[in-house]
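Everything below concerns the one structure shown next.
The values are calculated or read from the model by the stated rules, or taken from the named source; none is laboratory data. Every value quoted in this text rests on a predicted model; they were computed, and no experiment measured them. Here Cβ is always computed from backbone atoms with ideal geometry, including for glycine, and neighbour counts include all displayed protein chains. Heavy atoms of the whole protein, side chains included, go into the accessibility calculation; ligands, DNA and RNA do not. Shrake-Rupley method; radii C 1.70, N 1.55, O 1.52, S 1.80 Å.
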Amino acid sequence: MSLVSMNAFLPQAKEKKFAVGQFNMNNLEFAQAIMEAAIELKSPFIYGVSEGALKYMGIEYTVAIAEAAAKASGLPIALHLDHGSSFEVAMKCIRAGFSSVMFDGSHHSFEENIRLTKEVVKAARAMGVSVEGELGTIGGVEDDISVDEKNANLAKPSEAIRFYEETGVDCLAIAVGTAHGMYAGEPNIRFDIIEEVSRAIPVPVVLHGGSGVPDEMIRRAVQVGVGKINVNTENQVACTDAIRAALAKDSKVYDPRKYLGPARTAMVEVVKSKILLFGSNNQA
Ligand code: 13P
């Protein structure tokens, strides 16, 4: 199977009330772990790739890995640019073979965000590529993007609805109280905002900052209209913890496969638990 746009599974997610995981790809082991978990549970999924990860892996390798995963697994997999910062980077990804892009214009004014997102949607749609937009600012640190949680502003439902109507995005990330990275305490998620927006638009709401959110809150978010959930930090932590443990166990180890193998296995477990929690198992 070739890579697919998110429209191959997001409409069903919204209708049947499950969420598809966006698991960020940081290297080959992440890609393999995510695919292995999804094959076992027959789940669609999204490889999220940030601009920082793209610089690290190289765009050609990124696309080749995702295409190989789609072919080997037979699963509906979208390769999605995470937090694309410009029209140019979105187009570069589409040209290289991405099947989906996020345009994050949340740092612009509301009107400018609409104008820029519309341009990306127009070009992407012509190529059969899906688009995620963002409204409000999501706190925390991701790659080079750092937003102080005090400055993270929540999305206003009326603006989110207008944003959807004017841009026609395929899913909409709105700031509702989650943050990138792990939480010091529990996040304060505004389920009322998710519900109000989700009721008014036909596409799913996206929850960023999925790591460390208590299971109950995830289930509730899915029930009120979240159809895509992004997870990165929990896989990074599982990967690094497994590497630390392998190195601590044998200080003479030098073959990377001896510590990257356990790291990959640890990430398979994280991804499996998220797929089951999001309810996307058996939906491929
Ligand atoms: P976490 O790293 O908190 O899981 O967030 C991932 C994310 O939202 C990617 O856009």
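Here are the numbers for the structure shown:
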read-out	value
Pairs, first at positive phi in region 66-92, second among the aliphatic types (A, V, I, L, M) and crowded, with 23+ Cβ neighbours inside 10 Å, C-beta under 7 Å, six or more apart	HIS83/MET102
SER273 assigned to a helix (DSSP H, G or I), within 16 Å of LEU10 (Cα to Cα) and either touching an Asp or Glu at 6+ places or on another chain (Cβ under 8 Å) or not β-branched (Val, Ile, Thr) (or both)	no
Those residues of region 36-53 which are of a type in the set (A, V, I, L, M, F, W, C) and open to solvent by 20 Å² or more (accessible area, probe 1.4 Å), in sequence order	ILE39, LEU41
Considering residues of region 218-237 that are β-branched (Val, Ile, Thr), in a helix (DSSP H, G or I) and touching a Phe, Trp or Tyr at 6+ places or on another chain (Cβ under 9 Å) only, the residue surrounded by the fewest Cβ atoms within 10 Å (Cβ to Cβ)	ILE218
Scan of region 197-217 for residues that are within 12 Å of the ligand (Cβ to nearest atom), assigned to a loop (DSSP other than H, G, I, E, B) and in contact (Cβ under 8 Å) with a residue 40 or more places away in the chain, ordered by number	HIS208, GLY209, GLY210
Cβ pairs under 9 Å, 6+ apart, first in region 237-258 and under 29 Å from GLY210 (Cα atoms), second surrounded by 12 or more Cβ atoms within 10 Å (Cβ to Cβ) and modelled with pLDDT under 95	VAL237/MET182
Per-region count, region 64-83, residues open to solvent by 10 Å² or more (accessible area, probe 1.4 Å) and within 16 Å of the ligand (Cβ to nearest atom)	1
Residue check, TYR61 part of a helix (DSSP H, G or I), within 16 Å of the ligand (Cβ to nearest atom), among the aromatic types (Phe, Trp, Tyr) and surrounded by fewer than 20 Cβ atoms within 10 Å (Cβ to Cβ)	no
